[in-house]
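Everything on this sheet refers to the single structure shown next.
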Amino acid sequence: MKKKLLIGVVITSCNVDFQEEILSGIIAQAFKSSCDIAVISTLHNFYIETPHKKLEGSIFELISSEIFDGFLYDSNTFYGDIIKKQLDDILAATKKPVMLLDSGDHKLFESTAIDDSDAFEKITDHLIEVHGCNKIYCLTGPKHHFVSDERLRGFKNSMKKHGLYYDRSCCIYGDFWKDAAKELAEKIISGTIERPDAVVCGNDISAMTLISSLTAAGIRVPEDIAVTGYDASADCQDFYPYVTTFKRPNYQLGAEAFRRLYRIITGSICAKIPNNKGDLVIGRSCGCTPINYGKQNDQRRIKINKDFERDLLHRDMLFDITNVDNPNDLSDRLDNYTYYIYKMQQINICLTRKYIESAEGNINNILTFSRNDEVKMIFSKTSVRRIYDKTGYFPASELLPAFSQKRSYPVAYYIVPLHYNNNFFGYASVSFGKRPMSFSEIFIFWINYVNIALEQMRIRSILNHTVSGASFAMLHDENTGLPNKSGMEKSFADFRKRCAGADVTAEFIRIQISGYEKGPYHNNEEKYGKIIAALAALIEECVETGEIFGLWSPYVFGIITALPNRSEKIYGLLAEKIRKSRYSENHCNIDFNVYMHSQLIDETTDLQTAMHKASINRIYSYTVSENSRNPQFEKLCLLRGNLISNPELPWKISQIADDLFISKSYLQKIYKSYFGKSIIEELIQFRLDKAKELLTSSDLSVTEIAARCGYSSYNYFVRQFKDVEGVSPSEFREKSQP
C-alpha cells in the first residue's frame, strides 16, 4: 500500500472559531482525497513577545521535514512581522508547493481567498436598506492587510451604490482586536468625531468591544448606534445584544485551498466536498429581531467544554501531575485526565532526548530544538485505551510513527510545542479521528499544565541527581519504604539480565486496592497512608526471597516472580492474613483485586507493557464482608477469578453447584449477595470485556473473536454485544481505531 500524501498546515490560534472552520474544511477535503494532514501550530500568538511565547516558534523547525508533500499556510493568523518573515523563509527553503489562505499576491506562493468585499457589502446594504442608516463608519483590520482591504472595499462599494457620502475619516484601520474598538468608542463618546448612525466592524471581537464601551458610557446599541460584526463567532451567542454578523464560508475556503494545492502536487483534480456558503446572521445589535442565531450542536459543545474547563480548573490535575519524578509516572498520571479533551481520538506526548537526559545535566542548561533532534513517545492513548509504544527514539523530522505507516485510512494530527520559558521539551499531538475539527481552549490549559509538570520534573530530577543519598529516595516510596516504579524497573533490569539465555517464564502480579483510588488527593491522605502501609506489611509477609516487590502506583502493589503459580498462593495467604488482622491493633480490612500476566523473559521484555497486560486480566477479587467468615466465600472468590480468566469455557451453574457441594438456588443467592450480580450477568460481562480487548488489540475477524469468547452463535454474540455496549462489534472496533 502506497504511503499517503502528507500536507502540512501552518497556522496558529486553532481554537478560534473561524480558524477552526478553515481547518475543518481542509481536513474534510483531505480525508475525501485520502491524504494525511499535520497541523503545525503554536498554542499562543505573537501579540506580545515573551521568552515563553518566543520559544513556541521552534515547533516550526518541523516544517523542514522531508516527509511533507506540500503546505497550506494561513499567514493572517500570525501577528508579528518577524515570525511571518521566518515562516516565509522556512517554507520557501523546502521547495515544496505552498498555498496561502486569504492573502493577496505573493512573490513566492500561490493563494486562495474568499471575496470578503461581497459579504461586507451585504452587511452595509442591510444597515442602509433595512435600517435607513446614512452616516456609517467602517472599522477594519490593519493597514496594508489583504483581508482588511477586502472588507473595506465592500463597505465602499455599498456606500457608492447607494449614493452615500463617505471620506477617509469613515474608513478606520484597526487591529482586529479590542484596542482599536476602544479607541473608536472614546472618540465617539468624547465628540472628537461625529456620532454615526452605525459602525460596521471587521470582526466580532471588535464589534462586541465597541458595544461594551459605548453602552458603558450611556450610548444605546442599537437605538443610538447600530453595530455589526463579522465571522459569526461562538462568543456572539453569549453576548447581549446579539451581534448582527456574517457567517463567512471559512470551511469552503479551507476545502478549496486544499483542492488547488492537491492539483499542483498531483496534476489531478480531487472530488469536492459539499459546499458550505456564508450567510448574514441577524442579531439585535443592528435593530432587528434575531432569526437564525446559533446551532444546537455548537451550543452543546460549548457547554461541555465550559463544564470541562470549570472542572479542570477546580480539580487536582496540576497538583497530581507535578508530583512525579520520571516520564513513566507522568504518563500514568496523565492517563487519568485525557477525558478533558473533547472528542479526542488519540493523544501523544513526545519528548526530546535532550530533555530526557537533562536529569544528569546542569539546571542552567538551555534545551533547544531542531528537526534533527531525536524524540521518544512517552505517552500515547486513544479514546478507549492506553498504547504502550516500543518505537524508542526516532528523528523529530518523522513527526510521528503514524505518518510512516501504510494505512487504508487517512489521519490528521495537530502538533503543538511542549516548552517552558527558554527550554523546549518536545511536542504533543492530538487527533480527532474522522471528525474534521480542532481543539478547544481547554486543550491549551491541559498542555500548559503538562508544560509546568515537565519543568518541575526536570528541576526535581537534576536536584535529586546532585543531592547525596537522593538515589535511594528516587527509587523508594517514602511512606512504605518499598521500591517505587523506578525502583522496580531497576530491579527488573537486573532480573532480566540474569535470565539471559535461560528459558524463564515470569508472573507479573498486580494487587490493586478497591475504593481508595483517589485517597491521597481528597483529604484522605492520612487514612490512605495507614492503609497502604498496613497492606504493604501483610503482602511483604507473603513474598518469597528473590521476588521483586514494590509499590507500582499509589494504590497498586507489584510482584514479579519466576516461581510457578504464585498469584493463587499469594492471594490465599493475603486473604487469610487480612481476615486475621481484623482482630489485631493494625487491622487492614480492605477490598482488593489480583491481576496477573505471565510471559517468557527475554532482552526485549518491557516491564511497563507486562504490567499493563496484567491490569486487564483480573483473576481474583477479595471483598470485605461480615459474611466473609462463611467458608464458601473464598471458594466463590476463586470461582470468580476463574470466570474472569476463562470466560470462554462452557460454564454451567449446575456443575459449579455440584463442585461446591451446594444447591443451584443457594449458589445463585450467595454469589449475588457477595458480588452484586448473578453468575450469568458477570459471565456475560467478562466475555464482552475479553471481546473488547480482542477487537482493539488484534486483527481477528468478529467471527473468530466470538468463538474465542465462548459464543457458538455469531448472531447471538453480535446481538448481545450491541445490547450491552450500544454499538455492534464492528462499530466498536472502528471507533477504537486512531
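Kirkwood analysis of the Cα pair distances in the range 414-453 returns a hydrodynamic radius of 11.1 Å.
Comparing Asn593, Tyr409, Gln252 along the charge dipole axis of the chain, the residue lying farthest to the positive side is Tyr409, per the Cβ-charge model.
Comparing Ile27, Val221, Asn646 along the charge dipole axis of the chain, the residue lying farthest to the positive side is Asn646, per the Cβ-charge model. A simple packing score, the average count of other Cβ atoms within 10 Å per residue, orders the peptides 366-374, 440-448 as 440-448, 366-374, with the highest score first.
Under 20 °C and 1.002 mPa s, how fast does the range 57-144 diffuse according to Stokes-Einstein, given a Kirkwood radius computed over C-alpha pairs? Answer in µm²/s, whole number. Taking Rh from Cα pairs, D becomes 136 µm²/s.
Considering only alpha-carbon pairs that sit under 8 angstrom and 6 or more positions apart, the relative contact order computed for the range 596-738 is 16 percent.
Against the chain, whose longest principal axis comes from its Cα atoms, helix 714-725 is set at around 70 degrees.
Each listed q (0.21 Å⁻¹) maps to a log10 I(q)/I(0) for the range 204-258 from the Debye sum over equal C-alpha point scatterers, namely -0.73.
Put Tyr420, Tyr137 in order of accessible area, highest first, and with a 1.4 Å probe you get Tyr420, Tyr137. In the range 170-275 the Cα-Cα distances spread across 10 Å bins starting at 0 as 14, 38, 20, 14, 11, 4 percent of all pairs. Extension gain, Thr215 to Ser514, is 101.9 nm, computed as 0.36 nm per intervening residue step minus the present C-alpha separation. Heavy-atom accessible area for Arg708, with the other protein chains in place and a 1.4 Å probe, reaches approximately 130 Å².
Per residue, the convex hull spanned by the Cα atoms of the range 181-220 measures out at 62 cubic angstrom.
Shown for the chain: the carbon plus sulfur share of the solvent-accessible area, taken with all protein chains present and a 1.4 angstrom probe, equals 48%. A simple charge model with +1 on the Cβ of Lys and Arg, -1 on the Cβ of Asp and Glu and nothing else charged puts the dipole of the range 158-297 at about 760 debye relative to its Cα centre.
In terms of packing, defined here as the mean over residues of other Cβ atoms within 10 angstrom, the peptides 386-398, 494-506 line up highest first as 386-398, 494-506. Against the main long axis of the alpha-carbon atoms of the chain, helix 250-266 sits at an angle near 80°. Sparsely packed loop sites in the range 538-581 (the GluC sites (Glu not before Pro) outside DSSP H, G, I, E and B with at most 16 other Cβ atoms within 10 Å) comprise Glu544. Extent of the range 1-124 along its three principal axes (Cα atoms, max minus min coordinate, largest first): 52, 40, 30 Å. Residues Met596, Met159, ordered by accessible area of protein heavy atoms at a 1.4 angstrom probe radius and largest first, appear as Met596, Met159. Report the calculated FRET efficiency for Asn275 and Ala113 (r = Cβ-Cβ distance, R0 = 22 Å), to the nearest 0.05. Using R0 = 22 Å, I get an efficiency of 0.85.
Between Tyr339 and Asp89, residue separation times 0.36 nm minus the direct Cα-Cα distance comes to 86.1 nm.
With N counted as the residues of the range 108-236, its alpha-carbon radius of gyration over 2.2 N^0.38 Å works out to 1.01.
Each Lys and Arg Cβ is given +1 and each Asp and Glu Cβ -1; about its Cα centre, the chain then shows a dipole of about 1560 debye.
Per-residue SASA remark: Ser514, around 40 Å² accessible (1.4 Å probe; ligands, DNA and RNA not included). Neighbours of Ile269 by Cβ distance under 11 Å: Lys/Arg scored +1, Asp/Glu scored -1, total +4. Between His162 and Asp224, the distance separating the two model label sites (each 7 Å from Cα on the Cα→Cβ line) works out to 2.2 nm.
Counting only Cα atoms, the chain measures 100, 60, 56 Å along its principal axes, largest extent leading. Over the residues of the chain, the helix contribution to mean residue ellipticity at 222 nm works out to -13500 deg cm²/dmol, using -39500 (n - 2.57) for each DSSP H run of at least 4. Rolling a 1.4 Å probe over the heavy atoms of the protein chains gives the chain an accessible area of 46 Å² per residue. Compared with the dominant Cα axis of the chain, that is its longest principal axis, helix 296-314 is turned about 60°. Between Ala533 and Arg315, the simple label model (points 7 Å from Cα in the Cβ direction) yields a spacing of 3.0 nm. Per-peptide packing, taken as the mean over residues of other Cβ atoms within 10 Å, places 635-645, 252-262 in the sequence 252-262, 635-645 from highest down. Relative intensity of the range 310-428 on a log10 scale, I(q)/I(0) at q = 0.19 Å⁻¹, equals -1.19, per a Debye sum over C-alpha point scatterers of equal strength in the absence of solvent.
The values are calculated or read from the model by the stated rules, or taken from the named source; none is laboratory data. These figures come from a predicted structure and were not determined experimentally. A quick note on method: Cβ atoms are made from the backbone with ideal geometry, for glycine too, and the neighbour counts reach across all protein chains shown. Heavy atoms of the whole protein, side chains included, go into the accessibility calculation; ligands, DNA and RNA do not. Shrake-Rupley method; radii C 1.70, N 1.55, O 1.52, S 1.80 Å.
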